[in-house]
Amino acid sequence: MIVSGIVGMYRIMSHTYNVQDYNEDLYIAAKQVSQYTLGTYCVSLSDNYTYIDYDEQENTLILDNGRLVKKPGFEILLSNIDNLSFSNNNEMIYMTVERDNKEYTFLIGFYREKSEHEEDETNDETIQETIE
């Protein structure tokens, strides 16, 4: 009875240890970043990713002291990372995170720049709201 209890505790503890090795927080952060950037316009893309959201607010995802941070404000999406970069490949935006000398790359969305036509429509809507 005692032996089976010890074996059961060992299995639970070994499973808990293995779950931590999977870096689940990386996948959660990538999902969160993709939700933030869905349908947004890209302003700049390199080590940082600056985009314009639905409210016409400019946001930036940056590496700050080993953390993935969303600004304005200081929302920490991921911690304990060594490097962060964003890239455009075939009109898709990828986020690459390095942790413990391993690179993880995630598809986070479509690459889309704001065209002059879309900027004109936004300006027209602002003018109409002002008139009303």
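Just so it is clear, none of the values below were taken in a lab; they were calculated from the coordinates. All figures in this text were calculated on a predicted structure; none of them were measured in a lab. Cβ: placed from backbone, ideal geometry, glycine included. Neighbour counts: every protein chain shown.
Fully extended, how many nm does the chain gain between Asp64 and Asp25 (0.36 nm per residue separation, minus their Cα-Cα distance)? Display every interim value, and only then the final one.
Working: separation 39, 0.36 × 39 = 14.04 nm, distance 1.69 nm.
Answer, rounded to one decimal: 12.3 nm.
When a/c is below 1.5 the answer is rounded, else prolate if a/b is larger than b/c, else oblate, so apply that to the stretch 54-114 with a ≥ b ≥ c taken from the square roots of the Cα gyration tensor eigenvalues. Oblate is the answer for the stretch 54-114, as a/c is 1.5 or above yet b/c matches or exceeds a/b.
In this structure the amide hydrogen of Ser79, modeled in the peptide plane, comes within under 5 Å of the amide hydrogens of Leu68, none closer than 5 places in sequence on its chain. Given R0 = 22 Å, the distance between the Cβ atoms of Gln35 and Glu103 translates into a calculated FRET efficiency of 0.45. Between amide H atoms placed 1.01 Å from N, distances below 5 Å from Arg99 occur with Asp82, Tyr104, all of them 5 or more places distant or on a separate chain.
Label-to-label distance, Tyr54 versus Lys114, with points set 7 angstrom from Cα along the beta-carbon direction: 1.6 nm.
Straight-line reach from Lys102: taking Cα to Cα under 24 Å and skipping same-chain neighbours fewer than 8 places apart, the lysines in range are Lys31, Lys70. Using the alpha-carbon centroid of each, what span in Å lies between the stretch 53-104 and the stretch 24-42? Between the Cα centres of the stretch 53-104 and the stretch 24-42 lies a distance of 9 Å.
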